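These notes are about the structure you will find just below.
The values are calculated or read from the model by the stated rules, or taken from the named source; none is laboratory data. Owing to the predicted nature of the structure, the values given are computational and were not obtained by experimental measurement. Using ideal geometry, Cβ is built from the backbone for each residue, glycine included, and neighbour counts are taken over all protein chains shown.
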Amino acid sequence: MDNAINLSFEEKWEKIITCDQTYDGLFYTAVKTTKIYCRPSCKSRKPKKMNVEFYEDIQKVEAAGYRACKRCQPEIEHSPHTQLIKNVTTFIMNEYKQRVTLQDMAEHVGLSPFHLERLFKQETAETPRTYLEKIRIDKAAHLLKHTDFTNLEICYEAGFQSPSNFYKVFRRLKNCSPTEYRNLS
Ligand SMILES: [Zn+2]
């Protein structure tokens with residue numbers, strides 16, 4: 001499976017189980033038994049894991065013979081800015097391990113930082129910065145559950161520059177410390 005956005009099959013599966021809207025537009029869930037494809041956030045009953053394949057490109061999922069889900073309507077772009085937002089979120093998904101500034105994101109899509117921030121907030125109700133933090137914390141949460149890396153290793157692996165910032169942001173988004181999160185069953 002294509003890993004262009006830095007998410008493994010297992011991580012994509014986790015996103016669809018929680019109906020996480022953060023990843024809408026970045027990949028599609030295709031169900032082999034029904035030949036229907038969905039957004040990650042679709043609230044329809046979840047397919048069996050063995051019946052799922054993921055696509056990152058809507059042309060490819062349609063070319064493979066899948067039809068759009070009537071409930072989440074993955075083929076419909078809800079705004080003229082959908083593609084631009086997707087370019088920003090894809091950039092963030094691919095660069096989260098590095099230091100990424102608003103300026104970097106703005107340059108990537110050819111907007112001023114001010115304009116990008118305003119547009120991104122209008123479209124997603126988040127700022128590019130909080131989106132980046134969410135991606136990093138999701139990555140950290142995945143590593144906490146699926147690897148033996150130490151908290152410090154995970155901090156840097158997820159793109160945080162300092163442990164204190166990592167712990168602060170982690171607690172804000174997950175309401176517990178990384179160690180507590182790891183020990184949750
Ligand atoms: Zn759907």
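Does residue 62 qualify as being surrounded by 14 or more Cβ atoms within 10 Å (Cβ to Cβ), part of a strand (DSSP E or B) and more than 14 Å from the ligand (Cβ to nearest atom)? First the steps, then the outcome.
Details: surrounded by 14 or more Cβ atoms within 10 Å (Cβ to Cβ): yes; part of a strand (DSSP E or B): no; more than 14 Å from the ligand (Cβ to nearest atom): yes.
For residue 62, the condition - surrounded by 14 or more Cβ atoms within 10 Å (Cβ to Cβ), part of a strand (DSSP E or B) and more than 14 Å from the ligand (Cβ to nearest atom) - is not met.
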Hey, any hits in the range 77-98 for a residue that's within 16 Å of the ligand (Cβ to nearest atom), among the polar types (S, T, N, Q) and either within 15 Å of the chain's Cα centre (by Cα) or part of a loop (DSSP other than H, G, I, E, B) (or both)? no
Subset of the range 43-59 [under 16 Å from residue 17 (Cα atoms), more than 10 Å from the ligand (Cβ to nearest atom) and in contact (Cβ under 8 Å) with a residue 24 or more places away in the chain]: 46, 49, 52, 53, 54
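One line per residue, one yes/no per condition, for (1) part of a loop (DSSP other than H, G, I, E, B); (2) under 21 Å from residue 138 (Cα atoms); (3) modelled with pLDDT of 95 or more; (4) within 17 Å of the chain's Cα centre (by Cα):
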{"position": "13", "(1), (2), (3), (4)": "no, yes, yes, yes"}
{"position": "33", "(1), (2), (3), (4)": "yes, no, yes, no"}
{"position": "42", "(1), (2), (3), (4)": "yes, yes, yes, yes"}
{"position": "54", "(1), (2), (3), (4)": "no, yes, yes, yes"}
{"position": "70", "(1), (2), (3), (4)": "yes, no, yes, no"}
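Take residue 26 and decide whether it is away from the ligand (no atom under 16 Å from the Cβ) and either modelled with pLDDT of 95 or more or farther than 17 Å from residue 129 by Cβ (or both). Please lay out each step first, then the result.
Values: away from the ligand (no atom under 16 Å from the Cβ): no; either modelled with pLDDT of 95 or more or farther than 17 Å from residue 129 by Cβ (or both): yes.
No, not satisfied.
Within the range 81-98, can one find any residue that is within 19 Å of residue 30 (Cα to Cα), out of contact with any Asp or Glu (no Cβ under 9 Å at 6 or more places or on another chain) and either in contact (Cβ under 8 Å) with a residue 60 or more places away in the chain or of a type in the set (S, T, N, Q) (or both)? Break it down stepwise before answering.
Step one: list which residues in the range 81-98 are within 19 Å of residue 30 (Cα to Cα), which gives none.
No - not one qualifying residue is present in the range 81-98.
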